[in-house]
Amino acid sequence: MSQHVPEADIRDFLRTRRARITPEQAGLPPHPGVRRVPGLRREEVAQLAGVSVDYYVRLERGRATSASDAVLTAVAHALQLSDTERNHLFALADPTRQRPRASTAQRARPGLLRALENITDVPALLLGHRLDILAANHLARARYRDFEGLPAGDPDMARYMFLAPEARTLYADWPETARENVGMLHLYASHHPRDPRLAQLVGELSDGGPDFRRWWSEHDVYQPQYGSKRYHHPLAGDLTLGFEAFTPTGDADQTLGLCTVEPGSPSENALRTLAGRTADHTRTGRNRAGAAQAQAQAQAEAAVPAHRQRAAPGREAGTGRGR
């Protein structure tokens, strides 16, 4: 898949935003005759924003490179954009606002890694701007069963959501959560429009099935803040967990997600069960690994010829004879 083309992105974003608003919702008087386009026409958006039709057409086609903040704000108001959509429009319209190209993999700083591991009662994870999983604590790995079903390579929440079959059963509201993942990728793409790794990820997910292709074409954007999710976990059963999303100071491209759970709730008990079962599994795995190592060592020693095993006393005797 080719890299993102900003002109196409802003065209499709504005077109899909126009299509969802009727003239009545925008406060325009009814227009006689049959309307051939869903939502607002370009000239109606221009009227609402107080700009010429020609200028708005050039903006929608990605050719108005000097759009002022006032014009973009007026267009955002005319299209009734949310704060997240407004920021997305500003990033698409002005390349100088876009962040530098991210050509290398992101890394979690040591302090954040320690903070995640210190959170032991609820799942917590750190995502990069491509939704790559930079770090996850023990319960987050247990919730996703250490991201089983992912293709080989770096773990990624978008890949997990669309390419791992168990994700569709883990999330009780999988379509909603999957669409949010698509919206996050769209939002990040406006700030990194020529990131080849992001373009490769979008192409891979587009080839993986119709759901991603359909939702990607809708150009919705999403910025996680807070909320709740329901899960059907194969070990812990049904869970309802809240979440809070934060941007770590010093890296605006990372998202720290912390889960919350109602004290005394069945979900809290289920989390404790999950923590206990995965801890037992980890200890069992370590014990098995230790036993296997000991067995391998014993087999190696048994394979040594008897005369070599008696070499040590002989060397001592020989040393004594030399003295």
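Computed quantities for the displayed model
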read-out: Some residue of the stretch 227-234 being within 21 Å of Ser82 (Cα to Cα), outside any strand (DSSP E or B), in contact (Cβ under 8 Å) with a residue 24 or more places away in the chain and open to solvent by 20 Å² or more (accessible area, probe 1.4 Å); value: no
read-out: Single condition Ala78 does not satisfy, out of (1) touching a Leu at 6+ places or on another chain (Cβ under 6 Å); (2) surrounded by fewer than 18 Cβ atoms within 10 Å (Cβ to Cβ); (3) not β-branched (Val, Ile, Thr); value: (2)
read-out: Meets criteria (open to solvent by 50 Å² or more (accessible area, probe 1.4 Å), more than 30 Å from Ala19 (Cα to Cα) and either among the hydrophobic types (A, V, I, L, M, F, W, C) or under 13 Å from the mean Cα position of the chain (by Cα) (or both)) for Phe147; value: no
read-out: The stretch 235-278, subset in contact with a helix residue (DSSP H, G or I) (Cβ under 6 Å, 6 or more places away or on another chain) and among the polar types (S, T, N, Q), residue modelled with the highest pLDDT; value: Thr240
read-out: Residue list for the stretch 162-212, filter: polar (S, T, N, Q) and open to solvent by 60 Å² or more (accessible area, probe 1.4 Å); value: Thr169, Gln200
read-out: Test for Ala199: is it more than 25 Å from Ala115 (Cα to Cα) and of a type in the set (Gly, Ala, Ser); value: yes
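The values are calculated or read from the model by the stated rules, or taken from the named source; none is laboratory data. All of these numbers come straight from a predicted model, not from anything done at the bench. Every residue, glycine among them, receives a Cβ derived from its backbone with ideal geometry; neighbour counts consider all protein chains shown. These accessible areas exclude ligands, DNA and RNA; they are computed on the full protein's heavy atoms, side chains included. Shrake-Rupley method; radii C 1.70, N 1.55, O 1.52, S 1.80 Å.
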